[in-house]
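Just below is one structure, and these are the notes that go with it.
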């Protein structure tokens, strides 16, 4: 009687071609360990990099309402922005602090903020709030604060009640609240937005550097390449 | 074999999604704060960069490697290191996707639909890789 060869107990038949001899447990453990260490390193590195640097308006920089910098500066950067726009936030928190230190504080450049409040109702309220903060010349302090706390679009972050709370943290009091509640600067914000549209602004942020139009989040290097020939 | 083809297709989807997000990052489309999605919020957040590298580029790199490995495994009798490599890359991708999803939900407060597509593709390729490993054990 012929007998078919029997597999040793516990062994498996060789699978069809292609999957024969899968990786052994040791190889997989090494691959998993490398993957876990790589991701942990990446996350640690990302967190170390992303500590939010608050961009305070450096003392000694001249601010007057929505204008920051010396009136005699050789270059004027006009910025059209919406306080709810994440790209504007990226510029305000990423590039602008360096712009302030290197060009505005040294008197070479001044920046003028213009409202382009197109994302929704809370864009208008936030814009109004900046103008109200401008009355005691705290425009830029609130500007920085609002970008720092920016949340989802029209989700209550820049409701009037919340704006008053944020402003109160900056020491802005009842004068600010009544200014905001009575929409004292609503028309100003709308006028700015209309003026931007008339100048061809279609996205935010849009910059005019001595009249030259630039769209999008400018890195500091990009901005430096544009500014240096103008400030010399 | 069907799993391997599915892995290639899913890695290709992830690659296309990451390529789109990379293009958005570098093209300045970020400036256009239009549309209802949270992509702009997520991409403009400070978590969109790891050092000098946009997260989208890290995703693109991971999918390029995953697609190359998955594609190479379509050949008959692929060497085992391809499956080990695919396991390592997709495990790393899945862990990082989980971290990014946590950030979107609990830190940034906005979910980017394109990121969800890309993250899901990575998780799906990882699951297929696990199934392959089970089949070859």
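Within the stretch A:77-85, does at least one residue satisfy the condition of being closer than 21 Å to residue A:220 by Cβ, away from chain B (no Cβ under 14 Å), touching a residue at least 12 places away in the same chain (Cβ under 8 Å) and surrounded by 24 or more Cβ atoms within 10 Å (Cβ to Cβ)? Looking through the stretch A:77-85, at least one residue is closer than 21 Å to residue A:220 by Cβ, away from chain B (no Cβ under 14 Å), touching a residue at least 12 places away in the same chain (Cβ under 8 Å) and surrounded by 24 or more Cβ atoms within 10 Å (Cβ to Cβ). Could you check residue A:28 against (1) assigned to a loop (DSSP other than H, G, I, E, B); (2) at pLDDT 90 or above and say which number it fails? It fails just one condition, (1).
For the stretch A:98-119, which positions are in a loop (DSSP other than H, G, I, E, B), within 17 Å of residue A:185 (Cβ to Cβ) and either free of Cβ contacts under 8 Å to residues at least 40 places away in the same chain or out of contact with any strand residue (DSSP E or B) (no Cβ under 7 Å at 6 or more places or on another chain) (or both)?
Kept after step one, since they are in a loop (DSSP other than H, G, I, E, B), are these residues of the stretch A:98-119: A:105-108, A:116-119.
Adding the requirement that they be within 17 Å of residue A:185 (Cβ to Cβ) leaves A:116-118.
Across the stretch A:98-119, the qualifying residues are A:117, A:118.
Looking across the stretch A:31-45, just one residue is more than 8 Å from chain B (Cβ to nearest Cβ) and closer than 21 Å to residue B:82 by Cβ, and that is A:33.
Does residue A:65 count as surrounded by fewer than 14 Cβ atoms within 10 Å (Cβ to Cβ) and either at pLDDT 95 or above or more than 8 Å from chain B (Cβ to nearest Cβ) (or both)? Break it down stepwise before answering.
Numbers: surrounded by fewer than 14 Cβ atoms within 10 Å (Cβ to Cβ): no; either at pLDDT 95 or above or more than 8 Å from chain B (Cβ to nearest Cβ) (or both): yes.
No: the conditions fail for residue A:65.
For the stretch B:86-124, give me each residue that is at the interface with another protein chain (Cβ under 7 Å from one of its Cβ atoms), part of a helix (DSSP H, G or I) and in contact (Cβ under 8 Å) with a residue 12 or more places away in the chain.
Just the residues of the stretch B:86-124 that are at the interface with another protein chain (Cβ under 7 Å from one of its Cβ atoms), to begin with: B:87-88, B:91-92, B:95-96, B:99, B:109-110.
Checking which are part of a helix (DSSP H, G or I) leaves us with B:87-88, B:91-92, B:95-96, B:99.
Correct list: B:87, B:91, B:92, B:96.
Could you tell me how many of the residues in the stretch A:217-232 are closer than 12 Å to residue A:79 by Cβ and modelled with pLDDT under 90?
Initially, the stretch A:217-232 is screened for residues closer than 12 Å to residue A:79 by Cβ, giving A:217-218, A:223.
The next check asks that each one be modelled with pLDDT under 90; those that pass are A:217-218.
Qualifying residue count for the region: 2.
If we scan the stretch B:33-51, do we find a residue that is at pLDDT 85 or above, at the interface with chain A (Cβ under 9 Å from one of its Cβ atoms) and part of a loop (DSSP other than H, G, I, E, B)? So far as the stretch B:33-51 goes, no, none of its residues is at pLDDT 85 or above, at the interface with chain A (Cβ under 9 Å from one of its Cβ atoms) and part of a loop (DSSP other than H, G, I, E, B). Evaluated against (1) modelled with pLDDT of 85 or more; (2) under 30 Å from residue A:191 (Cα atoms), residue A:55 falls short on exactly one condition, (1).
Selection within the stretch A:193-216: residues that are within 15 Å of residue A:111 (Cα to Cα) and in contact (Cβ under 8 Å) with a residue 40 or more places away in the chain. The member of this set that is nearest to the chain's Cα centre (by Cα) is A:205. Residue count for the stretch B:56-83 satisfying the condition of being under 15 Å from residue B:4 (Cβ atoms) and either under 14 Å from the mean Cα position of the chain (by Cα) or part of a helix (DSSP H, G or I) (or both): 10. The criterion of at least 2 residues that are more than 14 Å from every other protein chain (Cβ to nearest Cβ), surrounded by fewer than 17 Cβ atoms within 10 Å (Cβ to Cβ) and at positive phi is met by none of the helices (runs of 4 or more DSSP H) falling completely within the stretch A:147-232.
Check the stretch A:90-104 and report whether any residue there is more than 17 Å from the chain's Cα centre (by Cα), buried (at least 20 other Cβ atoms within 10 Å of the Cβ) and over 30 Å from residue B:129 (Cα atoms). Within the stretch A:90-104 (the criterion being more than 17 Å from the chain's Cα centre (by Cα), buried (at least 20 other Cβ atoms within 10 Å of the Cβ) and over 30 Å from residue B:129 (Cα atoms)), the answer is yes, since at least one residue qualifies.
The values are calculated or read from the model by the stated rules, or taken from the named source; none is laboratory data. Here the structure is a predicted model, which means the values were calculated and not measured. Glycine gets a Cβ as well: all are built from the backbone with ideal geometry, and neighbour counts include every protein chain shown.
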